[in-house]
Amino acid sequence: MNLNIGVIKGDGIGPEIVTEAMKVLDKVADVYGHTCNYTQLLMGGASIDVHGVPLTSETVAQAKASDAVLMGSIGGDAKTSPWYQLEPSKRPEAGLLKIRKELNLFANLRPAILYDELKGACPLKEEITEGGFDLMIMRELTGGLYFGERKTIEEDGVITAHDSLTYNENEIRRIAKRGFDIAMKRRKKVTSVDKANVLDSSRLWRKVVEEVAKDYPEVTLEHMLVDNCAMQLVRDPKQFDVVLTENMFGDILSDEASMVTGSIGMLASASLNETKFGLYEPSGGSAPDIAGKGIANPIATILSAAMMLRFSFDLDKEADAIENAVEKVLKEGYRTIDIMSEGKTQVGTEKMGDLIAGYIE
Ligand code: IPM
Ligand code: MG
């Protein structure tokens, strides 16, 4: 099979971690008889440096023409990078939001799994993580506060900033359906997270999710307020299967969920639209403080490439091969610095990629 993959290496640690994911993909292609054709795309700071804007329409068109896009991370240090002297709509993050919107990537899947081997890196007490956990954050990605009307004005000499949070029932219904579909392939439980005790958008969210649930009688639906969910994630993460939530809540909860797995460097993600197309990226940021040092953890990006094979190309065996290789390397005791613990072998970004590629079979 020919895999036409757009690649956004991005900023900070992006190029380092994507290079390792491509190495692993090439090994998979080699072993399973596929061909990966990569098209390099510029986005974020890397695009600002060349084109003056974080995403050009040409790049959007190239992304649309690929079967899937693999991405590293974008953005720099807000205090020191010249990118942050630009107005907000020209900064690196604006490129990411624009590509999500342009490609209609409304469903963001962020799996948080506690690997047995990484229990040592998990900050929670052992009695809480006993038996591990495996949850999926299903985040709405093209609506809500991120895309509502935004302005800063001066009223009677007082500066006032506005951000608006809007959802229509169709936006809620399509992400809810995705959440229930995924739950059917997992442990058949959906926890829908909102702030229905305060927000109108959350009350509509709850109503629509309940309607959708009627088509999935096998799935248990539970509603949870977002503040309680933040607490429950560290009190008892095992209770969750699919966590279905809106854009902003999903942004916050997914960082929290990643930390309880030991490191944000382990968390993959897929952003999908109604077709097979997807954008695959690690959930973590560009980590400018460690960029270029060769110490970043490439596993989240490598696992994102596995999600790409699974969701965009229906190559389940190949995706399994990557996931198994990651587990094997962890079992053998290899660790990047973020997940390092006593008695393990510390390796850099490149070595980690080599090891995982070496275990593809
Ligand atoms: C994420 C990131 C982005 C978001 C930022 C970089 C705009 O935090 O993918 O979670 O908030 O969606
Ligand atoms: Mg985030």
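Give the dimensionless ratio obtained when the Cα radius of gyration of the chain is divided by 2.2 N^0.38 Å.
Values: Rg = 20.1 Å, N = 361, 2.2 N^0.38 = 20.6 Å.
That ratio works out to 0.98.
Using a 7 Å offset from the Cα along the Cα-to-Cβ direction at both T345 and N2, what is the distance between the two label points in nm, to one decimal?
Computed distance between label sites T345 and N2 equals 4.0 nm.
Could you derive backbone 3J(HN,Hα) for segment 73-81 from the dihedral phi with the Karplus parameters 6.51, -1.76 and 1.60 (θ = phi - 60°), listing whole Hz in sequence and x where the residue is Gly or Pro?
Running phi through 6.51 cos²θ - 1.76 cosθ + 1.60 with θ = phi - 60° gives 7, 10, x, x, 6, 4, 7, 10, 7 Hz.
Roughly how big is the chain's charge dipole about its Cα centre, with Cβ charges of +1 (Lys, Arg) and -1 (Asp, Glu), in debye to the nearest 20?
Details: 41 positive and 56 negative charges, 83 e Å.
The calculated dipole for the chain is roughly 400 debye.
Just need log10 I(q)/I(0) for segment 84-210 at q = 0.21 Å⁻¹, Debye formula, equal scatterers on the alpha-carbon atoms, no solvent, rounded to two decimals.
Once normalised to I(0) and log-transformed, intensities are -1.20.
Per residue Cα convex hull volume for segment 77-134, in cubic angstrom? Don't skip to the end; give the middle numbers.
Numbers: hull volume 8.5 nm³, N = 58.
In segment 77-134, the Cα hull volume divided by residue count equals 146 Å³.
Using DSSP H assignments, which helices in the chain have an axial alpha-carbon span of 15 Å or above and a mean Kyte-Doolittle hydropathy of 0.5 or higher? Each step should come with its number before you reach the end.
Working: long enough: 14-32 (27 Å, 0.25); 92-102 (16 Å, -0.67); 169-184 (22 Å, -0.62); 200-213 (20 Å, -0.55); 247-260 (20 Å, 0.35); 299-311 (18 Å, 1.74); 316-331 (22 Å, -0.66).
Qualifying helices: 299-311.
Quick one: grab Rg to one decimal and Dmax as a whole number for segment 241-325, Cα atoms only, in Å.
So, for segment 241-325, Rg and Dmax equal 13.7, 39 Å respectively.
What percentages, rounded to whole numbers, describe P(r) for segment 10-92 computed over all alpha carbon pairs with 5 Å bin width beginning at zero?
3, 14, 20, 21, 17, 11, 7, 4, 2, 0
Put a dot 7 Å past each Cα toward the Cβ at T275 and D77; how far apart are the dots in nm?
4.1
Quick one: among T35, T349, T336, which has the greatest mean-square fluctuation in a GNM of the chain with alpha-carbon springs under 10 angstrom?
Result: T35 has the largest fluctuation of those listed.
What ranking do R310, R235 get, fewest neighbouring Cβ atoms within 10 angstrom at the top?
Details: R310 20, R235 11.
The most exposed by this proxy come first: R235, R310.
Within a 10 angstrom radius of the beta carbon, how do L145, L315 rank from fewest other beta carbons to most?
So the ranking, lowest neighbour count to highest, is L145, L315.
Which of the pairs K9/K293; K64/K317; K101/K276; K238/K328; K27/K64 have their Cα atoms more than 20 Å apart in this structure? Show your work: numbers first, answer last.
Details: K9/K293 16 Å; K64/K317 26 Å; K101/K276 16 Å; K238/K328 24 Å; K27/K64 25 Å.
Table pairs above 20 Å Cα-Cα are K64/K317; K238/K328; K27/K64.
Taking the Cα centre as origin and putting +1 on Lys and Arg beta-carbons and -1 on Asp and Glu beta-carbons, what dipole magnitude results for segment 110-257, to the nearest 20 debye? All intermediate terms of the calculation are to be shown ahead of the outcome.
Working: 22 positive and 29 negative charges, 124 e Å.
It works out to roughly 600 debye.
Between I337 and E256, what is the label-point separation in nm under the 7 Å Cα-to-beta-carbon projection?
It is 2.9 nm.
So how do R173, R91 line up by other beta-carbon neighbours within 10 Å, fewest first? Can you show the working numbers first?
Details: R173 14, R91 22.
Final ranking by Cβ density, sparse to dense: R173, R91.
Using a 7 Å offset from Cα along Cα-Cβ at R235, what residues in segment 98-130 end up with backbone N under 17 Å from the label point?
Only 124-125, 127-129 fall inside the zone, counting backbone N under 17 Å.
With a ≥ b ≥ c taken as the square roots of the eigenvalues of the C-alpha gyration tensor of segment 204-244, please select rounded if a/c is under 1.5 and otherwise prolate if a/b is larger than b/c or oblate if it is not? Intermediate values should be presented prior to the final figure.
Values: a/c = 3.98, a/b = 1.66, b/c = 2.40.
Oblate.
Where a number appears in this text, it was derived from the coordinates with a stated rule and is not lab data. Note that the coordinates shown come from a computational prediction; the quantities given were computed from them, not determined experimentally. No Cβ is skipped: glycine too gets one built from the backbone with ideal geometry, and neighbour counts run over all protein chains shown.
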